[in-house]
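Inspection log for the structure reproduced underneath, given as structure tokens.
The values are calculated or read from the model by the stated rules, or taken from the named source; none is laboratory data. Note that the coordinates shown come from a computational prediction; the quantities given were computed from them, not determined experimentally. Because the Cβ atoms are built from the backbone with ideal geometry, glycine has one as well, and the counts that use them run over all protein chains shown. Accessible surface areas use protein heavy atoms only, side chains included; no ligands, DNA or RNA. Shrake-Rupley method; radii C 1.70, N 1.55, O 1.52, S 1.80 Å.
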Amino acid sequence: MSLRKYLTSKVFFAQLLAATAIVALLAFFFFHWITFVTKHSEEILVPNLKRLTPDQVEDKLDELGLEYEILDTLDYVPNYPKLAVMIQEPESGSKVKGGRTIYIKINADAYKKVQVPDLIDKTYRQAVPTLKSIGLSEGTITYAPHIGKDMVLEMRINGKKVKPGTRVFKATKIDLVLGDGEVVFDESDADSLLRILPEPEVLPEDNLDSITNGQ
């Protein structure tokens, strides 16, 4: 049989139809298999992970076929559970595909340490914003004889003198001794000043573990 007669024969059309049907059937099963493997049609509702520990997050997401990754540890918030999720992305209620990674940021387990700034000879109005900008708090204010009114003469923690650069926990309260601006004195008054304002114990610069956070 010649090629021309074969291409116009019923046998050729029957074989062509059968081949087309087989290809269509294979394509149908292939795309359904791809959909099943990639879970293309399945969407998972992201749960609320806030206030959960990483271990609790892992257990919860494993049940849903989701993953997680810790992006960062945020500054310690005392009224929030330690090492608990504070921020998640995507947010709870979002719809994602199976296998999606949920990114989380967790609360630290304690305050970080910062250096006490040099406030000596600064005014009270300058000192307080400086303390707050690095996470420290204003403590008790006392006054001592000095020509500079409201000028910082000393910094203390729990009654102990603290030097600039000393590392303390964030939220620690720094007590300030300020000048009262009411008297002027010369070197002959130094002895009387020491009797009024005795030299306090100096706080060690490298060991503040005995200081309670936020005190």
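Of the solvent-accessible surface of the stretch 18-160, computed with a 1.4 Å probe over protein heavy atoms with every protein chain present, carbon and sulfur atoms account for 56 percent. Within the shell of other residues whose beta carbon sits under 14 angstrom from the beta carbon of Ser133, the net charge comes to +1, with Lys and Arg scored +1 and Asp and Glu -1. Site pair Ala21 and Asp62 shows an inter-label distance of 5.0 nm when each label is modelled 7 Å from Cα along Cα→Cβ. Between Val77 and Ala144, the contour length at 0.36 nm per residue exceeds the alpha carbon distance by 20.6 nm.
When the listed pairs Lys50/Lys112; Lys82/Lys122; Lys60/Lys170; Lys112/Lys160; Lys82/Lys161; Lys122/Lys170 are checked against a 26 Å cut-off, the alpha-carbon distance exceeds it for Lys82/Lys122; Lys60/Lys170; Lys82/Lys161. Ordering Val128, Leu61, Leu45 by the projection of their Cα atoms onto the charge dipole of the stretch 11-130, which places +1 on the Cβ of Lys and Arg and -1 on the Cβ of Asp and Glu, puts Val128 at the extreme positive end. Evaluated with a Cβ-only charge set (Lys, Arg +1; Asp, Glu -1), the stretch 71-169 carries a dipole of roughly 160 debye about its Cα centre, given to the nearest 20. Heavy-atom accessible area with a 1.4 Å probe sorts Leu64, Leu26, Leu153, largest first, into Leu26, Leu64, Leu153. In this view, the solvent-accessible surface of Thr140, computed with a 1.4 Å probe and all protein chains in place, comes to about 80 Å².
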